[in-house]
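The values are calculated or read from the model by the stated rules, or taken from the named source; none is laboratory data. Just so it is clear, the model here is predicted, and its values are computed rather than measured. Here the Cβ positions follow ideal geometry from the backbone for every residue, glycine too, while neighbour counts run over all protein chains shown.
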Amino acid sequence: MCSNDRLRAQIGALEQAVDTLLTCDLTAAPETELAESLSRLESRTRNLMGLTVRMTDERSRRGGSAGPHTAPRTAATTTESATGRTTATGPCAANRTSRSLEPNRSGIVSGDRSTVARGVIVTAPVRVERTGDVVVWTIDNPEQRNPISDEATIEALETAVREADRDHSIRVAILTGAGTAFSAGGNVKHMRDKAGMFGGSPADLRQGYRHGIQRIPKALYHCEIPTIAAVNGPAIGAGCDLALMCDMRIAATTATFAESFVRLGLIPGDGGAWLLPRAVGMARASQLAFTGSAIDAATALEWGMVNEVVEPDRLLETAHRLAAEIAVNPPHALRMTKRLLREGQQQSLETLLELSAAMQALTHHTSDHDEAVAAMLERRAPRFTGD
């Protein structure tokens with residue numbers, strides 16, 4: 001472990017190296033080698049972003065200086081402008097001219113996709129946008145087909161899920177990928193280089209999975225709001241499992257699904273062996289896991305892996321339509337219903353009935369239940385408040 005003095009010296013040396021790199025003429029470098037080197041540099045930059053977040057959180061918990069990204073802010077609403085760029089509106093929009101590109105404490109940028117620090121473009125791994133009571137999480141690394149195996153993406157996605165779960169004004173979440181892929185899962189180049197979460201001894205790797213990518217299925221499993229995966233393209237390996245972590249899946253006709261771990265000499269390390277049989281049954285799950293073969297969207301629909309298949313240009317529209325149909329219902333009832341569905345996968349009928357009775361007793365004492373009954377008897381639309 002580095003001392004503080006050594007750590008400062010290392011950071012200073014890194015800053016000098018980056019500054020030198022930015023002044024170099026890179027046109028003479030071999031294109032493939034340069035691209036791979038810059039890709040590795042980008043990955044390490046993302047990991048540094050995640051480290052910064054953890055350091056800031058730890059310092060805040062200890063009561064020390066919170067750092068530049070932990071000051072409370074008034075929430076802003078994000079909207080798509082006519083140019084397709086995300087802009088901020090609301091009480092803090094006036095301060096966004098110089099700050100809209102900053103990542104927040106979770107590593108998430110609500111706004112433009114990239115920020116510039118010392119001339120280096122740092123890409124936010126997850127874009128979070130909200131429309132009314134629906135939030136959209138977009139894995140935003142299309143150049144690498146949205147892998148989810150780096151610390152920054154894991155941190156950002158986990159935080160986005162947990163923050164939405166804590167916000168009782170959010171009723172539904174949609175998860176999708178930027179560009180033409182939903183998610184390629186693990187970064188194969190990092191596997192080759194033994195970099196990031198794929199480096200270290202077997203003991204290191206085990207802990208890396210447990211405290212790394214496995215945080216995503218845990219966060220989504222415990223998230224009480226309904227989630228919809230809008231699968232816009234290939235969902236491969238951990239990307240396939242990521243789609244299965246959501247409650248519902250809508251696929252574009254361009255989507256494919258592959259539980260492809262075995263083809264890399266690996267096993268489903270992020271919950272796929274638990275998720276896949278529950279989606280398609282043991283026989284078909286075994287076929288997918290043992291062969292590593294991909295299936296198209298039509299087959300996924302036939303097998304029950306997805307709820308609906310639509311043309312790519314209708315994917316988000318369809319996901320939002322389903323989200324709106326869900327979001328009109330009372331939020332407490334939605335959250336408890338999801339909890340019961342989750343528990344029903346592993347509890348006995350008797351245990352589930354006991355849990356149902358306890359939850360039902362609570363819902364009978366909500367204002368939304370009274371409003372629903374009154375609206376039905378008065379033949380009018382209900383007005384739910386979440387109380």
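Some values worked out for this structure:
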read-out: Those residues of the range 315-333 which are under 12 Å from A230 (Cα atoms), in contact (Cβ under 8 Å) with a residue 60 or more places away in the chain and not aliphatic (A, V, I, L, M), in sequence order; value: T318, H320
read-out: The range 342-365 residues that are over 27 Å from P217 (Cα atoms), paired with ones that are part of a helix (DSSP H, G or I) (beta carbon under 8 Å, 6 or more apart); value: L362/H332; L362/M336; T363/H332; T363/A333; T363/M336; T363/H369
read-out: Residue match in the range 206-222 (condition: modelled with pLDDT of 95 or more, part of a strand (DSSP E or B) and either on the phi < 0 side of the Ramachandran plot or not small (G, A, S) (or both)); value: no
read-out: Pair list, Cβ under 7 Å, 6 or more apart: the range 267-294 residue modelled with pLDDT of 95 or more, other residue part of a strand (DSSP E or B) and surrounded by 15 or more Cβ atoms within 10 Å (Cβ to Cβ); value: G292/A258; S293/A258; A294/T256; A294/F257; A294/A258
read-out: Unique match (being surrounded by fewer than 17 Cβ atoms within 10 Å (Cβ to Cβ) and either of a type in the set (F, W, Y) or over 18 Å from D270 (Cα atoms) (or both)) among G177, G132; value: G132
read-out: Residue under evaluation M336, criteria (1) among the hydrophobic types (A, V, I, L, M, F, W, C); (2) touching a residue at least 12 places away in the same chain (Cβ under 8 Å); (3) not in a helix (DSSP H, G or I), criterion not met; value: (3)
read-out: Residue within the range 363-377 that is part of a loop (DSSP other than H, G, I, E, B) and exposed (fewer than 15 other Cβ atoms within 10 Å of the Cβ) present; value: yes
read-out: Candidate set: the range 130-157, residues that are part of a loop (DSSP other than H, G, I, E, B) and farther than 24 Å from E317 by Cα; chosen: the one nearest to the chain's Cα centre (by Cα); value: I148
read-out: Where a residue in the range 225-253 is under 15 Å from L275 (Cβ atoms) and its partner, wherever it lies, is among the basic types (K, R) and part of a strand (DSSP E or B), with Cβ under 7 Å and at least six apart; value: A229/R249; V231/R249; A243/R249
read-out: Qualifying residue in the range 313-321 (condition: touching a helix residue (DSSP H, G or I) at 6+ places or on another chain (Cβ under 8 Å) and either modelled with pLDDT of 95 or more or surrounded by fewer than 17 Cβ atoms within 10 Å (Cβ to Cβ) (or both)); value: no
read-out: Residue among A164, A181 that alone is hydrophobic (A, V, I, L, M, F, W, C) and assigned to a loop (DSSP other than H, G, I, E, B); value: A181
read-out: Top-ranked residue of the range 355-382 - restricted to ones that are in contact with a Phe, Trp or Tyr (Cβ under 8 Å, 6 or more places away or on another chain) and of a type outside the set (A, V, I, L, M, F, W, C), ranked as nearest to L341 (Cα to Cα); value: D368
read-out: Residues that are aliphatic (A, V, I, L, M), farther than 22 Å from E158 by Cα and either more than 19 Å from the chain's Cα centre (by Cα) or part of a strand (DSSP E or B) (or both), drawn from the range 230-280; value: A251, A252, A258, V262, L264, L266, I267, A279, V280
read-out: Residue under evaluation G239, criteria (1) more than 25 Å from A324 (Cα to Cα); (2) surrounded by fewer than 16 Cβ atoms within 10 Å (Cβ to Cβ), criterion not met; value: (2)
read-out: Boolean, G200 is surrounded by fewer than 24 Cβ atoms within 10 Å (Cβ to Cβ), touching a residue at least 60 places away in the same chain (Cβ under 8 Å) and not in a helix (DSSP H, G or I); value: no
read-out: Unique residue being touching a Gly at 6+ places or on another chain (Cβ under 7 Å), of a type in the set (A, V, I, L, M, F, W, C) and modelled with pLDDT of 90 or more when the list is A160, A173, A152; value: A152
